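Q: Got a structure for you, questions after.
The values are calculated or read from the model by the stated rules, or taken from the named source; none is laboratory data. Predicted model, so just to flag it, every value in this text is computed and none were measured. Note: ideal-geometry Cβ built from the backbone for every residue, glycine included; neighbour counts use all protein chains shown.
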Amino acid sequence: MRVRRAAPYAWQWDVADVAGEANDAGDGLRYRTVVLSVPRRAGKSTLVLAVNLDRLDVTVDARCWYTCANGREVAAKLFRDEWAPMLEPLSRLYRLRKSQGSEGIHKRRGSSRLQLFAPTPTALHSTNVDTATVDEAWAASIDEGEGIESGITPAQLTRPWRQTWIVSAGGTIESTWWDRWLQTGEAGVEGVALFDYGADATAPDYDPGDPRVWARSHPTAGVAFPLDVLAHEWATRRDDAAFERAYLNVWPRPSSVLQTAGLELAQWRAAAAPAIAPVPAALAVDVAADRSSAALAVAGAHPDDPTRIAVEILDHRRGLDWLADAVAEARGRYRAPVVADSLVAASIVAELRRRRVKVDPVGASDHARACSMFVDRLAWHTLTHRSQAVLDDAIMGARRRPLGDAWLWSRRNSSIDISPLVAATLAVWGAVTRPRPTRKPSMALPAPPSNARRTSPR
C-alpha cells in the first residue's frame, strides 16, 4: 500500500496472504517455493517488490535477492525505472544504492537489504539468501533455470525463513524450466504454492478477441486500466498468439506433447533460429477450416547454409479479406512462386488469378508429400524456423489424418487453427520442388544482378 500509495489489487492480496503463511511451528514459512504465473501489466513487479520489502522486516539482517532470467541488466532497468521512483518518498525507511553493479534497497534500521544478482550458478556463492526471486522465468531453459537454482539453494540452507519465488507471464515452446515449475505446482507438491492467472484456452466459449474473456482472465483488466486498452492492443496485434501470451497467459506449454503432430519437442526446439530469415524461394497460403482466418508463409534457403531450408510466417490474421492483397504484395516483393492447397484455398486461388498472380495448386498427393518432407527435414536437421508464437501454437494443437498410406495435417481434428503450420509446410515444399528459374547469362550482355538477400522479417 505504501509502495503504490493505493490499496493492492485483490489478486495481490490473495497471493501475498498465502505466500506469507507461517508454518505450524511458527519458525519459518509454510511454502518454500512460490510459483506465480500472471499476464503482463497486472501488477506483478509491484507485488514482488512489496513482498521483498515485507521480508526485510522478518529479521534484522534479512538478505533478499532479485534477478530476471533474461539478464541482470533487465532487473537493473526495472530497479531504476520502476522501483526506485516508488521508494524515493520513503527515504526515511530505505536507502537506495543506484551505482551500476551494486543496485539495492537497504533498510535504515538493521542491516536487511534487497539486492540484484545475475542469473548464473555462481552469483550467490558465499552469500546468505532468505528470499530469492527469479522473474521472467520463461526466458530460461531447463539447464539455465536449474543452474540458477543450484546457486540459490545452498545459500538458503541455514536461513529458517527461506523462500524462492519463480515468477513469469506466458512463455514460449522453449520455456522448459518455467513449464517444469508450473507442472510441479499443478501436481500439488508439498511446500510449493502455485498461483496461475489467465484464460482457459480449452473452454468452449474461449475467444481471444472477446472483451468478456479479457475481463475474467486478466486480473486487473477493467481495474488498473480500461478494457479499451486491450481492445486497441487486439486491433493492432501482430498475431493472435502474441496477444494471448501477453494478456491472457495462453501459450504453448512444452509439456503438451508434440507427438500428436508427429514431431519431437527437442527437434522443434533445436530447429529454432529467431534471427534467421529465409532467402525467399516460395510463398504459401492456407485458410482455416471454418474460413475464420488465414496465414501466409515464406520459405527458402538458409542464408548461411544452402543445404537447409528456413521458413517464416509472414502474416496470420482473422478473416480472409486481407489475404489476396497480402499475397499479391509479397509476390511482387519477393518474386517467388505462390503455392496453395488446390481445394481448401480454391477461392483465394481464383481471386489471385483474377489479379494475374499465378498460383501453383497443390493436390492431395503432393500435399501429403509436403507433410512428410516437413517432418523428415526437421528430423534430419535441415529445416529451421523463426520460433514464432503463431507457428509454435499451431504445432502444439495439430493432429494428423490418414490419406491412403500417407497423411495430412487435420484441420478438423486439430485443437487450434493450423493454417500457419499448413502454410509453412507448403512453403517448404514449394521452396524445394519449385525453385525459381535462373536465366543463363548472354555472351553479349552482362548477367542480370542476383537477388538481394532479405534481412528483416517484414
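Q: Would you point out the residue of region 105-144, among those that are small (Gly, Ala, Ser), farther than 23 Å from ARG92 by Cβ and touching a Ser or Thr at 6+ places or on another chain (Cβ under 8 Å), that is surrounded by the most Cβ atoms within 10 Å (Cβ to Cβ)?
A: ALA137
Q: Here's another thing I want to ask about it. Only residues that are in a helix (DSSP H, G or I) and closer than 22 Å to ARG412 by Cα: list them for region 315-348, please.
A: LEU323, ALA346, SER347, ILE348
Q: Continuing with the same structure: For region 108-144, which residues satisfy the criterion of being over 19 Å from ALA76 (Cα atoms) and either outside any loop (DSSP other than H, G, I, E, B) or basic (Lys, Arg) (or both)?
A: Listed by number, the residues that qualify are ARG108, ARG109, ILE142, ASP143, GLU144.
Q: Is one or more of the residues making up region 435-458 at pLDDT below 50, surrounded by 14 or more Cβ atoms within 10 Å (Cβ to Cβ) and closer than 25 Å to GLU174 by Cα?
A: Checking region 435-458: at least one residue is at pLDDT below 50, surrounded by 14 or more Cβ atoms within 10 Å (Cβ to Cβ) and closer than 25 Å to GLU174 by Cα.
Q: A further question follows. Just wondering, is there one or more residues in region 253-265 that are under 30 Å from ALA221 (Cα atoms), in contact with a Ser or Thr (Cβ under 6 Å, 6 or more places away or on another chain), of a type outside the set (Lys, Arg) and modelled with pLDDT of 95 or more?
A: No; the residues of region 253-265 include none that is under 30 Å from ALA221 (Cα atoms), in contact with a Ser or Thr (Cβ under 6 Å, 6 or more places away or on another chain), of a type outside the set (Lys, Arg) and modelled with pLDDT of 95 or more.
Q: When the residues of region 1-37 are narrowed to those that are of a type in the set (Val, Ile, Thr) and in contact with a Ser or Thr (Cβ under 8 Å, 6 or more places away or on another chain), which ends up modelled with the lowest pLDDT?
A: Filtering first and then ranking leaves VAL3.
Q: Looking only at residues in region 35-84 that are of a type in the set (Gly, Ala, Ser) and over 28 Å from LEU157 (Cα atoms), which one is nearest to the chain's Cα centre (by Cα)?
A: ALA42
Q: Looking at region 226-247, is at least one residue modelled with pLDDT of 90 or more, surrounded by 14 or more Cβ atoms within 10 Å (Cβ to Cβ) and part of a loop (DSSP other than H, G, I, E, B)?
A: No: region 226-247 contains no residue that is modelled with pLDDT of 90 or more, surrounded by 14 or more Cβ atoms within 10 Å (Cβ to Cβ) and part of a loop (DSSP other than H, G, I, E, B).
Q: Among the residues of region 386-399, write down those that are surrounded by fewer than 24 Cβ atoms within 10 Å (Cβ to Cβ) and charged (D, E, K, R).
A: Answer for region 386-399, where residues must be surrounded by fewer than 24 Cβ atoms within 10 Å (Cβ to Cβ) and charged (D, E, K, R): ARG386, ARG399.
Q: Go through (1) in contact with a helix residue (DSSP H, G or I) (Cβ under 6 Å, 6 or more places away or on another chain); (2) under 19 Å from ALA427 (Cα atoms) one by one and return the number of the condition GLU312 breaks.
A: (1)
Q: Counting just the residues of region 279-314 that are part of a loop (DSSP other than H, G, I, E, B) and either touching a His at 6+ places or on another chain (Cβ under 7 Å) or among the charged types (D, E, K, R) (or both), which one comes out surrounded by the most Cβ atoms within 10 Å (Cβ to Cβ)?
A: ARG291
Q: Still on this model: For the condition at pLDDT below 95, more than 20 Å from ARG41 (Cβ to Cβ) and assigned to a loop (DSSP other than H, G, I, E, B), what is the one hit in ASP205, ASP179?
A: On inspection, the qualifying residue turns out to be ASP205.
Q: Output the residues belonging to region 367-385 that are surrounded by fewer than 18 Cβ atoms within 10 Å (Cβ to Cβ) and either assigned to a loop (DSSP other than H, G, I, E, B) or of a type in the set (Lys, Arg) (or both).
A: ARG369, TRP380, HIS381, THR382
Q: List pairs: first residue in region 34-50 and surrounded by fewer than 20 Cβ atoms within 10 Å (Cβ to Cβ), second residue basic (Lys, Arg) and part of a loop (DSSP other than H, G, I, E, B) anywhere in the structure, Cβ distance under 7 angstrom, at least six positions apart or on different chains.
A: That search, which allows pairs on different chains as well, returns THR46/ARG4.
Q: List, please: which pairs have Cβ atoms under 9 Å, are six or more places apart or on different chains, and start with a residue in region 324-343 that is in the same structural domain as ALA301 (by TED's automatic domain parsing) and touching a residue at least 60 places away in the same chain (Cβ under 8 Å) and end with one that is aliphatic (A, V, I, L, M) and surrounded by fewer than 16 Cβ atoms within 10 Å (Cβ to Cβ)?
A: The qualifying pairs are ALA340/ALA346; ASP341/ALA364.
Q: Let me ask something additional. What about VAL167, is it buried (at least 22 other Cβ atoms within 10 Å of the Cβ), part of a strand (DSSP E or B), in contact (Cβ under 8 Å) with a residue 12 or more places away in the chain and among the β-branched types (Val, Ile, Thr)?
A: It is true that VAL167 is buried (at least 22 other Cβ atoms within 10 Å of the Cβ), part of a strand (DSSP E or B), in contact (Cβ under 8 Å) with a residue 12 or more places away in the chain and among the β-branched types (Val, Ile, Thr).
Q: Please verify whether ILE309 is of a type in the set (A, V, I, L, M), modelled with pLDDT of 95 or more and more than 21 Å from SER342 (Cα to Cα), treating the condition exactly as stated.
A: yes
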